[in-house]
Structure formats: structure tokens, C-alpha cells
Ligand code: PMV
């Protein structure tokens, strides 16, 4: 088992939301500059549905997309405390008013935990190393980066907390911007949401997978097929809301909990069959939930289905571990161990002709 922070009683440490409130007055600099980076992530067990303020209906597990990263820098200048957090935002060099309302909401939600942010005027610059329109979860990396900036200044201005604390606080704050962002504050495999098999797990922030993973999962690839044009037909906010009165809600909560336990075992024991079975069941369950919502959404398109079929047929014929997952959109994430990439390129060359993004997991 990997390092898990322990409390004095020797049990895995679990912070409570109130632990993330400031304990003492921070010694704030007049001017501050910082720069951070945060990767996107892809969930294999999906977060879909919430209770209250960004508290997940079920636990989720994700891998970091190591090659899909947001870079954010900020200059913060002291001002008399304002009612709202004052900021300007430039995204990829240009003003980005479309993103501002979500960032205002994020700042408003984190104010009880980091109230000092109102004492600065923030000039924020952000860019992604992947196309924004590609349908990769850019809100996850974007809010994770913003949370890291806030935590970086707070850490410099206060004393006496451990690295585990700051990591948990960054994930806690990121969660208030976008739930999945909580998992972008992990090194590789993040688990967000309380689960009895995961020591230290919490509904309020993500933790690193606390077990060793089998070498079979050491070096993975995610080939994201960009099959989607334009914007998604449903925002994740609206999608989460549809789970509140969903007829399958209770069954979904049970299913996600069972899937997480099975996926953890598969990752520990090197069971690719089980890994793939759970991963694909999760992807299709997410879409089944959307299709059975009221109103209903079909976010896969004919190309998504075509590639799902092709991947499954290829797997049966060649007996190679290649599986898929989906986010709330039409893009297909094709997941496989790096060692079979050449095989895939040789035997299914048209796969790589599709516009795509290839990332290490
Ligand atoms: O973080 P949100 O609120 O955009 O929700 C993300 C939901 C999914 O991407 C569909 C699943 C997940 O766990 O990332």
C-alpha cells in the first residue's frame, strides 16, 4: 500500500470541510506572481449526479491525461477588500468573457475557505496544450489550476500545514469549480467519493489510489477519437441534475460502488479483462442514464457506435487488451497498454487516421 496520511490514532487521515478554513491571519504580500499546471483526467468509474454543493452521488475513479495540460499564471495585486473577487482573464492570449461567470461562481464558493482572495485584483492567463473544442474535460484542468494558484499563495502566506493538507485543500477547492477537477490534483489515479474499500477517501476531495497497481497497468495510452463537432447537447451541470429524480438512481449508486471495488481489484491484480469489462460498462451506463433521463439525451453519434463495434471486433479477433470509455459526449477514448501501440497501428491503421489526441495515462 502506498503512503496514506495517518491521524494520531493511526487511522488514515480524513479532513473535514471545516479543516480547510483558515486558522490564522495570513501574512499577505503586496504583489504576488505564480504559475501552475494541471492535467485533465478521464474517469473510468463515472461521477454522474450530486447532492448539495458538489457532493458526489457516488464515488468515481480517474486516470490523469498526462499530455492534456492547462497552464495558468496569475499576478495578484493588493486592493482594499472587495465584495466580489476582482479578476481579469485571458485565455490563449485573448479575453474570454464566456468563462467568467463560472469563475465568479468558483471564487464565490471558495470564499468561506480562503477569504483573503478578495484582497487582491487577479490578472489570470490560461492556456491549454490541447484544443479547447476537442471535448476533452478542460474544465477539470482549468479549475484544478486555479485552485492550485490559490493554494500556492495561501501556503506561502501561512505556516504549519503538511503537503498532504495543501494537496487535499487544492482538490477540495477545485471540486467547488467542477467536480471532476478534484481528481486533477492527483499524480495518476484519483478516487473521489467515500468508499469503504478506500482508506482516507472523502466526498469532499480526491485521494491518490492508495494501493500498488499491477505492472500490467504501468504504461497506458488513451487515444481520444475526436468524433464530435460543436458543443455538447447537455452541460454536465444539467446532466447531474437529471440524476436527482432519475428512475435508476438507486441502482446507479449501487452499480458505481460495485464497479469501483471491482476496478480496484483489477488494477491491483493485473486483470485486464475485468478492467475492460468494468470500464466499458461504466461508459455505456453513463450514456444509458442520459438516454433514460427526462428529458433524454443521446450524445453518441453514428461514428461513436461504429468505433465501439470495431474496437470490440478487433479485440475478439486479435485477443489484445484494447477497450473504450466515453465522457458526456461523442468522443471515444480508446485505452490500451503502450506495448501494443505498434500492433494497433499496423493492424488497425484507420484508427489513427481519425482526428485524435494521444495521451499517456
Ligand atoms: O466535473 P463535471 O461536473 O463537469 O462532471 C463530469 C462528469 C463526467 O465527466 C461525465 C464523469 C466524470 O466523472 O468525469
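The values are calculated or read from the model by the stated rules, or taken from the named source; none is laboratory data. What you see is a predicted model; the values in this text were computed from it and never measured. Methodologically, a virtual Cβ is constructed for each residue, glycine included, from the backbone with ideal geometry; neighbour enumeration extends over all protein chains shown.
Taken over segment 22-35, the criterion of being within 31 Å of the chain's Cα centre (by Cα) and surrounded by 14 or more Cβ atoms within 10 Å (Cβ to Cβ) is satisfied by 22, 26, 28, 32, 34.
Residue-by-condition table, conditions (1) modelled with pLDDT of 95 or more; (2) surrounded by 16 or more Cβ atoms within 10 Å (Cβ to Cβ); (3) out of contact with any helix residue (DSSP H, G or I) (no Cβ under 6 Å at 6 or more places or on another chain):
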position	(1), (2), (3)
87	yes, yes, yes
90	yes, no, yes
96	no, yes, yes
118	yes, yes, yes
151	yes, yes, no
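Restricting attention to segment 159-183 and to residues that are away from the ligand (no atom under 15 Å from the Cβ) and in a loop (DSSP other than H, G, I, E, B), the residue that is farthest from residue 28 (Cα to Cα) turns out to be 162.
Among the residues making up segment 246-276, those that are more than 15 Å from residue 216 (Cβ to Cβ) and without any contact (Cβ under 8 Å) to a residue 12 or more places away in the chain are 250, 251, 254, 258.
Any residue at all in segment 266-274 that is at pLDDT 95 or above and farther than 22 Å from residue 322 by Cβ? No, every residue in segment 266-274 fails to be at pLDDT 95 or above and farther than 22 Å from residue 322 by Cβ.
Inside segment 235-254, residues that are surrounded by fewer than 19 Cβ atoms within 10 Å (Cβ to Cβ), in a loop (DSSP other than H, G, I, E, B) and either in contact with a helix residue (DSSP H, G or I) (Cβ under 8 Å, 6 or more places away or on another chain) or at pLDDT below 90 (or both) make up a count of 2. The residues listed here are 82, 74, 68, 98; of these, the one that is within 14 Å of the ligand (Cβ to nearest atom) and either assigned to a strand (DSSP E or B) or on the phi < 0 side of the Ramachandran plot (or both) is 68. Does residue 38 meet the test of being within 30 Å of residue 219 (Cα to Cα), within 23 Å of the chain's Cα centre (by Cα) and assigned to a strand (DSSP E or B)? Yes: the conditions hold for residue 38.
Restricting 316, 339 to those that are more than 16 Å from the ligand (Cβ to nearest atom), part of a helix (DSSP H, G or I) and farther than 20 Å from residue 218 by Cβ reduces the list to 316. Look at (1) closer than 25 Å to residue 343 by Cβ; (2) away from the ligand (no atom under 14 Å from the Cβ); (3) not in a helix (DSSP H, G or I) and you find that residue 224 fails only one, number (2). Of the residues contained in segment 184-206, one or more are found to be in a helix (DSSP H, G or I) and surrounded by 21 or more Cβ atoms within 10 Å (Cβ to Cβ).
Counting residues in segment 45-62 that are under 25 Å from the mean Cα position of the chain (by Cα), more than 16 Å from the ligand (Cβ to nearest atom) and assigned by TED's automatic domain parsing to the domain that holds residue 183 gives zero.
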